[in-house]
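The values are calculated or read from the model by the stated rules, or taken from the named source; none is laboratory data. Here the structure is a predicted model, which is why all the values come from computation and not from measurement. As a convention, Cβ positions derive from the backbone with ideal geometry for all residues, glycine included, and neighbour counts pool all protein chains shown.
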Amino acid sequence: MMEADLNRNLQFDNNNRYTPAHQVLSYLFSDYLGSFVIQLWNDSKLRIGNDFAEFTLKIKDASVLRDLILFRDPVRLAEAYFDGSIEVDGDFNAALGLRHIWNN
């Protein structure tokens, strides 16, 4: 798959820097149909989708992203939310749809 195809619905800010985290997130959410923003621990942002962002997922530590990727377990997503490592601003019900990404 070409990078242009992979990133067809992703929009970066902060001068369009492609960090390793952005690359992993681009792959992870390449088939996601909704729209939201991911804000990383370094305040860089990644917009998923082309519509109005329903919510912002704030990942406060790189280790949280690592664990979510390595273990792909929606329970870890919930644990990270409850311990404050992830925050959701906006439509929480829409954010719950992310659990399906980690189930695949």
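Restricting attention to region 15-41, the residues that are surrounded by 16 or more Cβ atoms within 10 Å (Cβ to Cβ) and β-branched (Val, Ile, Thr) add up to 2.
Say we look at region 79-90 and pick out the residues that are hydrophobic (A, V, I, L, M, F, W, C) and in contact with a helix residue (DSSP H, G or I) (Cβ under 8 Å, 6 or more places away or on another chain); which of these is modelled with the lowest pLDDT? Checking each candidate, the answer is ALA80.
Restrict the check to region 54-74 and report whether at least one residue is closer than 20 Å to THR19 by Cα and hydroxyl-bearing (Ser, Thr, Tyr). Within region 54-74, one or more residues are closer than 20 Å to THR19 by Cα and hydroxyl-bearing (Ser, Thr, Tyr). Residues in region 74-104 that are within 14 Å of PHE55 (Cβ to Cβ) and either part of a loop (DSSP other than H, G, I, E, B) or in contact with a His (Cβ under 7 Å, 6 or more places away or on another chain) (or both): ASP91 only. Contact map, region 50-72: first residue at positive phi, second residue of a type outside the set (A, V, I, L, M) and not in a strand (DSSP E or B), Cβ cut-off under 9 Å, separation 6 or more or different chains; pairs are ARG72/TRP102; ARG72/ASN103; ARG72/ASN104.
Scanning region 91-104 for residues that are modelled with pLDDT of 85 or more and either of a type in the set (Val, Ile, Thr) or loosely packed, with under 14 Cβ neighbours inside 10 Å (or both) returns PHE92, ASN93. Does region 57-68 contain at least one residue that is modelled with pLDDT under 90, under 13 Å from PHE29 (Cβ atoms) and in contact with a Leu (Cβ under 7 Å, 6 or more places away or on another chain)? Yes; the residues of region 57-68 include at least one that is modelled with pLDDT under 90, under 13 Å from PHE29 (Cβ atoms) and in contact with a Leu (Cβ under 7 Å, 6 or more places away or on another chain). Residue count for region 42-53 under the criterion of being touching a helix residue (DSSP H, G or I) at 6+ places or on another chain (Cβ under 6 Å) and surrounded by fewer than 17 Cβ atoms within 10 Å (Cβ to Cβ): the result is 0. When region 7-53 is limited to residues that are closer than 22 Å to VAL64 by Cα, among the charged types (D, E, K, R) and assigned to a loop (DSSP other than H, G, I, E, B), the one that is modelled with the lowest pLDDT turns out to be ASP13.
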